[in-house]
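Let me begin by presenting the structure, written as structure tokens, before commenting on it.
FYI, it's all coordinate maths here, none of it is from the lab. Predicted model only: the values in this text are computed from it and were never measured. Cβ coordinates were reconstructed from backbone atoms using ideal geometry, including for glycine residues, and neighbour counts include every protein chain displayed.
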Amino acid sequence: MEEERVDANLITNRPVSSSLRMEVATALGVLAMFVIGILGVYLSLPDSDYSFLKLPRSLEDIQLLRDHIELYASDYTTQVLVGYCIVYIFMQTFMIPGTIFMSLLAGALYGVVKGVALVVFAATSGASSCFFLSKMIGRPLVSSLWPEKLSFFQEKIASRRDNLLNYMLFLRVTPTLPNTFINLASPIVNVPYRTFFLATSIGLIPASYVTVKAGIALGELRSIEDLYDFQSIAVLFFIGVVSITPTLICKKQ
């Protein structure tokens, strides 16, 4: 009987161990792809002192990056653009804080129109990468970090299936839920990727515009709080309310 019990435990634990190994291997594989991409861009640049290259954590870091990258942007346009996208997508995929500084950098380097297009592309790609990574291995992480928020999100998604795109747009435009949580939790609560993609690519435009435009006057910023004053927050909420209005009308009817 004791041997049977031990064997049963081994059989029970084997799938869990195998699943854990697969999840770790998947995360490491995705990480390796980003490292290879960043290394490829770095090796294609001319020999120089690149000690200024680091993930931005403050306005001072962004100003330093802007001053140095501008020297290479005209002669190595493709490398700078590809490097920017890889770093932004990497940060979004692995939930590394600081993408707001990357958005400021886009404004400082490329202006409003090109900057917004670049940020929306990179942010949507990073959110999509995070979405699929979470779909494969994210359920234990989200369930342990945000159990109550996940239950709340699941209930809201289930009650708004008929107008899910409008609701996801509302979440993207307004700071109701953190974007990191939305990226991770959406596949777990069965948000279709098409809806996720459309809501992300469209819903991130207003906030990206605010941040990119501020990046043009980077030297005038004193803190990140200067980006989102009362007027900016009110405009974002107004856009969010407009996006969810069809859902509210349908529920009233």
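By how many nm would the segment from ALA25 to THR77 grow when fully extended, if each residue of separation counts as 0.36 nm and the alpha-carbon distance is taken off? Don't jump to the answer; show the numbers that get you there.
Details: separation 52, 0.36 × 52 = 18.72 nm, distance 3.40 nm.
Stretched fully, the ALA25-THR77 segment lengthens by 15.3 nm.
Among residues other than PHE196 whose Cβ falls under 12 Å from its Cβ, what is the net charge (Lys/Arg +1, Asp/Glu -1)? Please report the intermediate quantities before stating the final value.
Numbers: positive: LYS135, ARG172, ARG194; negative: none.
Charge balance in the 12 Å sphere: +3.
Using θ = phi - 60° and the Karplus curve 6.51 cos²θ - 1.76 cosθ + 1.60, what whole-Hz ³J(HN,Hα) does each residue of the stretch 199-204 get, with Gly and Pro shown as x?
5, 6, 5, 8, x, 7
Going by how many other beta carbons lie within 10 Å of each one, how would you line up TYR88, TYR42, fewest first?
Numbers: TYR88 23, TYR42 12.
Ranked by crowding around the Cβ, least crowded first: TYR42, TYR88.
For an R0 of 35 angstrom, estimate the FRET efficiency from the Cβ-Cβ distance between ARG194 and SER143 and round to the nearest 0.05. Before the final figure, lay out each step's value.
On the way: r = 25 Å, r/R0 = 0.71.
Once the sixth-power term is evaluated, E becomes 0.90.
So, in nm, how far is label ALA117 from label SER48 when the simple model puts each one 7 Å beyond its Cα toward the Cβ?
2.5
Among THR93, THR180, which comes first, second and so on when ranked by fewest other beta-carbon atoms within 10 Å?
On the way: THR93 24, THR180 15.
Starting with the residue having the fewest Cβ neighbours, the order is THR180, THR93.
Hand me the trypsin sites (Lys or Arg not before Pro) from the stretch 51-113 located in a DSSP loop with no more than 11 other Cβ atoms within 10 Å, in residue order please.
Details: sites: LYS54, ARG57, ARG66; in loops: LYS54, ARG57.
Passing both the DSSP loop test and the Cβ count: LYS54, ARG57.
Taking the mean number of other Cβ atoms within 10 Å as a proxy for protection, how do you rank 98-108, 119-129, 135-145 from highest to lowest?
Numbers: 98-108: 24.0, 119-129: 22.2, 135-145: 14.6.
The packing order, highest mean first, is 98-108, 119-129, 135-145.
Quick one: ASP67, ASP47, ASP61, fewest Cβ neighbours within 10 Å first, how do they rank? Don't skip to the end; give the middle numbers.
Values: ASP67 11, ASP47 5, ASP61 16.
Final ranking by Cβ density, sparse to dense: ASP47, ASP67, ASP61.
Residue separation times 0.36 nm, minus the C-alpha to C-alpha distance between LYS156 and LYS135: what's the value?
Extending this stretch completely gives an extra 5.6 nm.
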